[in-house]
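Engineer: I am attaching a structure below and will ask some questions about it afterwards.
The values are calculated or read from the model by the stated rules, or taken from the named source; none is laboratory data. Everything numeric here is computed off the predicted structure, so don't read it as measured data. Here the Cβ is made from the backbone with ideal geometry for all residues, glycine too, and neighbour counts use every protein chain on show. Each accessible area value is taken on the protein alone, full model and side chains, heavy atoms only, with ligands, DNA and RNA left out. Shrake-Rupley method; radii C 1.70, N 1.55, O 1.52, S 1.80 Å.
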There are 2 protein chains.
Amino acid sequence: MSQILVFGHQNPDTDAIASSYGWAYLERTAWGRNAECVGLGEPNEETAFVLDYFKVETPRVVESAKAEGVEQVILTDHNEFQQSIKDISDVEIMAVIDHHRVANFETANPLYMRLEPVGSASSIVFRAFKETGTAIPKEVAGLLLSGLISDTLLLKSPTTHASDPAVAKELAEIAGVDLEEYGLAMLKAGTNLASKSAEELIDIDAKTFELNGNNVRVAQVNTVDINDVLMRQAEIEGAIEKSRAANGYSDFILMITDILNSNSEILALGSNMDRVEAAFDFVLENNHAFLEGAVSRKKQVVPQLTESFN
Amino acid sequence: MSQILVFGHQNPDTDAIASSYGWAYLERTAWGRNAECVGLGEPNEETAFVLDYFKVETPRVVESAKAEGVEQVILTDHNEFQQSIKDISDVEIMAVIDHHRVANFETANPLYMRLEPVGSASSIVFRAFKETGTAIPKEVAGLLLSGLISDTLLLKSPTTHASDPAVAKELAEIAGVDLEEYGLAMLKAGTNLASKSAEELIDIDAKTFELNGNNVRVAQVNTVDINDVLMRQAEIEGAIEKSRAANGYSDFILMITDILNSNSEILALGSNMDRVEAAFDFVLENNHAFLEGAVSRKKQVVPQLTESFN
């Protein structure tokens, strides 16, 4: 039986790892397929906390499907090719489980594609377990719950779907954790930025978007105090300029997100700052500005940039 | 409550009309949304037979969503923008229900997208009725059954999924028809080509594909005798050349499909006949060649062309 790799996006966050881990389990258990969860990068500190908490081995990191001898892949928590495995165009995409917009994605053949505008890819994986009547092991429930908590900042982000709180409640019960207590501990584990170099910090959770011919990098870091991060502004700007030069990003936008008060400071550098300012109807001072109530890159940043760049 | 238009692809076939009719019904009944099924063109003769048989009014034809004052649309049985409503880029795509490859498709926002590699979009709509516990009215069952029969040539096409025969059986029961008897009558209703001009004939069921920078038109007609159609070759080639010139198609490929014996004759004209011949490993003689066992554009023609053109 040929092997299928299941993975989330590059720079994996907790939902990327959790949804691919859960879906690979489902492929093996519900459909008897030879599916393995792998990562397109090392887990971040939040995800490492989750894997350790639920005693799940870190998925091994792969860089090429072909090098693994694999012809078929399943994508979770992403669909845009530039966020996927580097040789994505050379393999068959069997399935996509995602909750993002669709862009820069195409296939030669029909496939299974399940996208819902919900809080996390893990929410969709949870529903597939229910529909197929597959029991959810404790550690899988723990991972899926963590993916949902991570992507919705404990159900506070506007990306939270009406159906997500019930999903979180049921998963927390199976996982045997208190939702609020576990959720806050998990999110805080991801805010330990002091140990990170500026280069690492701007790459913890960063995605590239092609906006009207521009390569725009949008990164996000979580913190319990925005000022802790802004104190390192000069160092961070240096890392951003280096990254722009090396990767050809026209613009680099860093969301510094306060997970306790649900706001973000936007630090932005690049060639299209007029469009960035227009997107959010603010004025950058010393390259940054406050974006009240914004915690979601997907809902409160990328669509606004897309419209402003077009 | 703002209105949502639900439609299949241009040059609608039975599955395009049936799946959009069924999904619009589901939107209204299961979720209380103000959804209307419309067509991106008049029904063909097979679909007209179906609508008449089940006493369903022909969906009105629309050309522009904006002209209807509509901001949100749902696509069934297609996703590629060039097969959709002309102002698809200006409206919000709320959902896609489809069973084709994905290409030339993107959104600014997350959406509901449900693609399965099954025989018809109607099969997926059927499953959504079951999942939401929505009763299927007799005429909706009749249309969904017809969509499945049409796309799979009565479950004989290789696009038929293992789950489709059971879907057909259940829908035939609800619709109160004998599957084989009704299916053959319906398919035969679509083979009445004598009344059609050559211009009409090559446009009954035609889709455009962008293959490596080439606009390739792939049309299909059903018949009970391939020679009946080939007798009109000169006239048909005239219509094809006129259509190529008017629409800028690099190539035009007509599948003349024998629904009784499940084979096709391929008639092809254009700039890339070497690639067409390589795609099917045959030699065109007098612009046509026999393709044994081929009845599915999606599975037996488009992927082969895609690979050969790349």
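Engineer: Taking a probe of 1.4 Å and counting only protein heavy atoms, give the total accessible area buried between chains B and A in Å², rounded to the nearest 100.
Structural biologist: Roughly 1800 Å² of accessible surface disappears when B and A pair.
Engineer: Using 1/(1 + (r/R0)^6) with R0 = 45 angstrom and r between the beta carbons of A:N34 and A:E285, what's the FRET efficiency to the nearest 0.05?
Structural biologist: 0.25
Engineer: Would you work out if the stretch B:105-202 is rounded, prolate or oblate? Take a ≥ b ≥ c from the square roots of the eigenvalues of the alpha-carbon gyration tensor; rounded if a/c is under 1.5, else prolate when a/b is larger than b/c, oblate otherwise.
Structural biologist: Verdict is oblate for the stretch B:105-202.
Engineer: If you bin the C-alpha pair distances of the stretch B:158-212 every 10 Å from 0, what whole percents do you get?
Structural biologist: With a bin width of 10 Å, the distribution comes to 18, 31, 30, 20, 1.
Engineer: Something else about it: Pull out the extension gain between A:E235 and A:E210, defined as 0.36 nm times the separation in residues minus the alpha carbon to alpha carbon distance; nm, one decimal.
Structural biologist: Taking A:E235 through A:E210 to full extension adds about 6.4 nm, to one decimal.
Engineer: Here's a follow-up. For a quick check of understanding: with a 1.4 angstrom probe and all protein chains in place, what accessible area in square angstrom does A:S197 have, to the nearest ten?
Structural biologist: Taking all protein chains as shown, A:S197 has close to 40 Å².
Engineer: Placing the label point 7 Å from Cα along the Cα-to-Cβ direction, what are the distances from B:E92 to the equivalent spots in the other copies, shortest first, in nm to one decimal?
Structural biologist: For B:E92, the inter-copy label distances come out at 3.7 nm.
Engineer: Taking every alpha carbon pair in chain A, what does the distance histogram look like in 10 angstrom bins from 0, in percent?
Structural biologist: 6, 28, 36, 23, 7, 0
Engineer: So what is log10(I(q)/I(0)) for the protein assembly as shown at q = 0.10 1/Å, when the Debye sum runs over its Cα atoms only?
Structural biologist: Ignoring solvent entirely, the Cα scatterers give -0.93.
Engineer: Now for a separate question. Sequence-distant or interchain residues sharing an amide H contact under 5 Å with B:A294, placed H: which?
Structural biologist: The list, which skips near neighbours in sequence, is B:S264.
Engineer: Another question, then. Suppose the Debye formula is applied to equal point scatterers at every Cα of the stretch B:4-189; what is log10 I(q)/I(0) at q = 0.11, 0.20 Å⁻¹?
Structural biologist: -0.42, -1.43
Engineer: Report Rg (one decimal) and Dmax (nearest whole number) for the stretch A:12-96, counting Cα atoms only, units Å.
Structural biologist: 12.6, 36
Engineer: What are the trypsin sites (Lys or Arg not before Pro) within the stretch B:12-78 that DSSP puts in a loop, where the Cβ has at most 10 other Cβ atoms within 10 Å?
Structural biologist: B:K55, B:R60
Engineer: Next question. Suppose you put the label 7 Å out from Cα in the Cβ direction; list, shortest first and in nm with one decimal, how far A:E181 is from each other copy's label.
Structural biologist: 6.8
Engineer: How high is the FRET efficiency from A:S163 to A:M273, r the C-beta distance, R0 30 Å, rounded to 0.05?
Structural biologist: FRET efficiency, A:S163 to A:M273: 0.20.
Engineer: If I take the Cα coordinates of the stretch A:198-309 and project them onto the principal axes, what are the three extents in Å, biggest first?
Structural biologist: Sorted largest first, the three principal extents are 35, 27, 24 Å.
Engineer: In the stretch A:61-124, which GluC sites (Glu not before Pro) are in a loop and have at most 15 other Cβ atoms within 10 Å, using DSSP for the loop call?
Structural biologist: Passing sites in the stretch A:61-124 are A:E63, A:E71.
Engineer: Moving on to the next point. Using alpha carbons only, how many angstrom separate the centre of the stretch A:2-28 from the centre of the stretch B:113-170?
Structural biologist: Result: 30 Å between the Cα centres.
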